[in-house]
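Asker: Please see the structure below; I have some questions.
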Amino acid sequence: MSSQSSNGNSSSANVSQLFQAAHAEGVLSPQALQALTVVDLGAQIQAGLGISVDDVQASEVVLVTVMPDDSGSIQHSGHARTVCDGHNLVLDSLLSSQQKDGILFHTRYLNGFVLNPYRPLEDVVRMHSKNYDPDKGTPLYDQAVVLLGTVLAKAQEFTRNGVSARTVTLLITDGGDCHSQSSRARDVAALVSDLRRAENHIVAAMGIDDGSTDFRKVFREMGIEDKWILTPGQSAQDIRKAFQVFSQSAVRVSQGAASFSRTALGGFGA
């Protein structure tokens, strides 16, 4: 499923070079660089990079990235089908946009499985019960660092090759962090802050109500702005509506630099 290099060491070195270059250019702060390099994440990030920049015939690209929660509580609360539907709804919205040829899509589950490394929309694998079985934990901070590192690395690949890249990313969870081993909320926040400062990235998050978690607090600590936080209730209708809101923003982001700027400024209310 993933496009991971057979040589883990060389893939790690490539990713590391991208991050060192981003740091040298002032794109990546020392804190964010440390968050990405304190543990060797090269192979995990490489698994998401997907299509080669040389195979993309566009002067500008939009990277749409979705991290669906595959923790056991999604299954227990009966939301597995709804999360699949939501992911596929975002894909369908983008496929119907006029700019679809310049969009690349990446799906990485909350526990690290890469369903779609960055690839053109027509090649994206849809989520369904055969490839999505939410039965794991919630390493929210660890995997948010991997995911945002992948976004940054892919955008860096394009910009270094003279291709303008804008990104919009959605993290999805129905609980706070439980199982992270190496990263904390502040590590995620350092990355989100760098991405925001670059002014061509949007990082959004969806917290599906579990009856107890204060998702606005969780996501704020991860550096995500209030205007990019969705907190649907527990009904399938509420969750689908939240995915619809995100998909509308993703489509607007794809409509050019001016539309991106307006969307980034206004958040989900734009």
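The values are calculated or read from the model by the stated rules, or taken from the named source; none is laboratory data. In this text the structure is predicted, and so the values were computed from the model without any measurement. Counting neighbours? That spans all protein chains shown, and the Cβs are built from the backbone with ideal geometry, glycine included. Accessible surface areas use protein heavy atoms only, side chains included; no ligands, DNA or RNA. Shrake-Rupley method; radii C 1.70, N 1.55, O 1.52, S 1.80 Å.
Asker: With open to solvent by less than 40 Å² (accessible area, probe 1.4 Å) and closer than 26 Å to residue 20 by Cα as the only criterion, which of 115, 63 stands out?
Answerer: Values: 115 fails: closer than 26 Å to residue 20 by Cα.
Matching residue, one of 115, 63: 63.
Asker: Look through segment 76-94, keep the residues that are under 18 Å from the mean Cα position of the chain (by Cα) and aliphatic (A, V, I, L, M), and return whichever of them is farthest from residue 207 (Cα to Cα).
Answerer: Across segment 76-94, the extreme among qualifying residues is 94.
Asker: Please go through segment 205-232 and give me each residue that is open to solvent by 50 Å² or more (accessible area, probe 1.4 Å) and without any contact (Cβ under 8 Å) to a residue 40 or more places away in the chain, ordered by number. If you could, list the steps in order and put the result at the bottom.
Answerer: Within segment 205-232, the subset open to solvent by 50 Å² or more (accessible area, probe 1.4 Å) is 209-212, 214, 216-217, 220-221, 225-227, 231.
Listed by number, the residues that qualify are 209, 211, 212, 214, 216, 217, 220, 221, 231.
Asker: Sort through 247, 183, 235 and tell me the only one that's small (Gly, Ala, Ser) and without any contact (Cβ under 8 Å) to a residue 60 or more places away in the chain.
Answerer: Selected residue: 235, the only one of 247, 183, 235 that is small (Gly, Ala, Ser) and without any contact (Cβ under 8 Å) to a residue 60 or more places away in the chain.
Asker: Let me ask something else. For segment 55-169, list the strands (runs of 3 or more DSSP E) that sit wholly inside it and hold at least 2 residues that are touching a helix residue (DSSP H, G or I) at 6+ places or on another chain (Cβ under 6 Å) and under 18 Å from residue 246 (Cβ atoms); which are they?
Answerer: Per the criteria, 60-67, 103-108.
Asker: Restricting to segment 160-173, name every residue that is more than 26 Å from residue 14 (Cβ to Cβ) and either open to solvent by 10 Å² or more (accessible area, probe 1.4 Å) or among the polar types (S, T, N, Q) (or both).
Answerer: Across segment 160-173, the qualifying residue is only 173.
Asker: Also: Condition first: closer than 25 Å to residue 77 by Cβ, open to solvent by 10 Å² or more (accessible area, probe 1.4 Å) and touching a helix residue (DSSP H, G or I) at 6+ places or on another chain (Cβ under 6 Å). Now tell me which residues in segment 241-258 satisfy that.
Answerer: Within segment 241-258, just 245 meets the criteria.
Asker: So which of 193, 182 ends up being closer than 18 Å to residue 148 by Cα, at pLDDT below 95, of a type outside the set (D, E, K, R) and surrounded by fewer than 23 Cβ atoms within 10 Å (Cβ to Cβ)? Don't jump to the end; show me each part of the working.
Answerer: Numbers: 193 fails: at pLDDT below 95.
Exactly one of 193, 182 is closer than 18 Å to residue 148 by Cα, at pLDDT below 95, of a type outside the set (D, E, K, R) and surrounded by fewer than 23 Cβ atoms within 10 Å (Cβ to Cβ), namely 182.
Asker: If you don't mind, there's one more thing I want to ask. Considering only residues that are buried (at least 20 other Cβ atoms within 10 Å of the Cβ) and under 30 Å from residue 212 (Cα atoms), which ones fall in segment 81-98?
Answerer: Listed by number, the residues that qualify are 82, 83, 86, 87, 90.
Asker: Can residue 23 be described as without any contact (Cβ under 8 Å) to a residue 60 or more places away in the chain, touching a Leu at 6+ places or on another chain (Cβ under 8 Å), in a helix (DSSP H, G or I) and surrounded by 15 or more Cβ atoms within 10 Å (Cβ to Cβ)?
Answerer: It is true that residue 23 is without any contact (Cβ under 8 Å) to a residue 60 or more places away in the chain, touching a Leu at 6+ places or on another chain (Cβ under 8 Å), in a helix (DSSP H, G or I) and surrounded by 15 or more Cβ atoms within 10 Å (Cβ to Cβ).
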